[in-house]
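Below: one structure, written as structure tokens.
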Amino acid sequence: MYSVINRVRPAHRALAFALRFNANTEGSSCVVTDGRRLSPGVSADVDPLRATSRRFCSRTALTQGLLFRQMFELESSTYTYLLADTQTKEAVIIDPVLETIDRDLKFIQQLGLKLKVAVNTHCHADHITSTGLMKKRLVGLKSAISKCSGASADIHLSEGDKITFGKQYLTVRETPGHTDGCVTLVLGDQSMAFTGDALLIRGCGRTDFQQGCAKTLYQSIHQKIFTLPDECLIYPAHDYLGRTVSTVGEERKFNPRLTKSLEEFVGIMNNLNLPKPKKIDISVPANLVCGVQDI
């Protein structure tokens, strides 16, 4: 049995590596990378590689005593993350989406978790958060967001704050640039970082709305994310090609925008001319009040 397992695992790793490095794309609310290749007859508005049945995935957590799940919302290509202490069952959810609240709550109930905090990495423009409605359905749940976001929440986060759940915790690193209120949440042992829309897999968040600033984003990523260990896993808020995870070392070496000089980066970001996110006019006002406006 041991020899069979050892023969299978390298094949799985090779497949995952190939998929991760395959193609590049751009999203409506987040800049990913330069250009993308489409098959003949495929519209630029449609991602031919999007996995329509993908809803969530999991992996064995490297951190002892940590339960980790990565879940996916199809319409906005948003990742929601669930982390819990396996002993106390206390949990945190990151960037939950309104359309998938029932799925998320069912998952939490099935795993017997006690959700303490629902945190948003920033005030999203492409979807409405479920934190406000989730608070109405889970007694004692607290919402959290950066104090610089201008949004309502029970907890307003600042640089160095810790979000604890059992023996585990996330440390807040302020990473503005996509918006003023963007934060990256780093697991206590620095094995994982949840970068929101600041750093994406082979890309970054756009900087042409919601107080965006290309220079600020470049500095945030280089000073607050690229200073983490090379092996630290990067989990972004979005991906449009089915890629689920990267590392600090990979992005520092291969990210096509962040490997440029500051001046080159600013020039690229200031000349993208992207259409605004389809839901920005309803998402931002709702997310400023914890996602409960007109619900």
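The values are calculated or read from the model by the stated rules, or taken from the named source; none is laboratory data. All values reported here derive from a predicted model rather than from experimental measurement. Glycine also receives a Cβ, built like all others from the backbone with ideal geometry; neighbour counts cover every protein chain displayed. Protein only, heavy atoms only, side chains kept; ligands, DNA and RNA dropped before computing areas. Shrake-Rupley method; radii C 1.70, N 1.55, O 1.52, S 1.80 Å.
Output the antiparallel fraction of DSSP beta bridges having both residues in region 188-295, as a percent to the nearest 5.
Antiparallel bridges: around 50 percent, rounded to the nearest 5.
What figure, in Å² to the nearest 10, do you get for the accessible area of PHE226 with a 1.4 Å probe and non-protein molecules left out?
10 Å²
Among bridges DSSP assigns within region 62-289, what percent are antiparallel (round to 5)?
For region 62-289, the DSSP antiparallel bridge percentage is about 65.
Take each of the peptides 269-275, 186-192, average the number of other beta-carbon atoms within 10 Å over its residues, and list them starting from the highest.
The packing order, highest mean first, is 186-192, 269-275.
What dipole magnitude, in Debye to the nearest 20, does region 62-289 give about its Cα centre under +1 on Lys/Arg Cβ and -1 on Asp/Glu Cβ? Intermediate results must be reported in sequence, preceding the final value.
Numbers: 26 positive and 25 negative charges, 78 e Å.
Charge dipole, region 62-289, about its Cα centre: 380 debye, nearest 20.
How high is the relative contact order of region 200-295, given as a whole-number percent (alpha carbon pairs under 8 Å, six or more residues apart)?
Relative contact order for region 200-295 comes out at 31 percent.
Give me the one-decimal Kirkwood hydrodynamic radius in Å for region 228-268, with the sum taken over alpha-carbon pairs.
Its Kirkwood hydrodynamic radius stands at 11.4 Å.
Which entries of LYS89/LYS135; LYS167/LYS279; LYS89/LYS136; LYS89/LYS142 show an alpha-carbon separation above 28 angstrom in the structure shown?
Among LYS89/LYS135; LYS167/LYS279; LYS89/LYS136; LYS89/LYS142, the Cα-Cα distance tops 28 Å for LYS167/LYS279.
At a 1.4 Å probe radius, carbon and sulfur cover how many percent of the accessible area of region 153-247?
Roughly 45 percent of what the probe reaches on region 153-247 is carbon or sulfur.
So with the 1.4 Å probe, I'd like the accessible area per residue for region 62-289, rounded to whole Å².
Working: 8520 Å² over 228 residues.
Roughly 37 Å² per residue, with all protein chains present.
Which of PHE72, ASN271, GLN168 sits farthest toward the positive end of the charge dipole of region 62-289, with +1 on the Cβ of Lys and Arg and -1 on the Cβ of Asp and Glu?
Checked the options; the winner is GLN168.
Taking amide H positions as placed 1.01 Å from N in the peptide plane, with prolines and chain starts having none, which residues 5 or more places from GLY177, or on another chain, fall under 5 Å of its amide H?
Excluding prolines and chain starts, which carry no amide H, the hits are CYS182, CYS213.
How high is the relative contact order of region 155-211, in percent, counting Cα pairs under 8 Å that sit 6 or more residues apart?
The value is 26 percent.
Over all pairs of distinct alpha carbons, what does the Kirkwood formula give as the hydrodynamic radius of region 62-289, in Å?
Result for region 62-289 stands at 17.5 Å.
From largest accessible area down, sort LYS136, LYS89; use a 1.4 Å probe on the protein chains.
Ranked list, largest accessible area first: LYS136, LYS89.
Average projected area of the Cα convex hull of region 180-227, in nm²?
Result: a mean projected hull area of 3.4 nm².
Heavy atoms only, probe 1.4 angstrom, no DNA, RNA or ligands counted: give me HIS222, HIS127 ranked by accessible area, highest first.
Output order, biggest surface exposure first: HIS222, HIS127.
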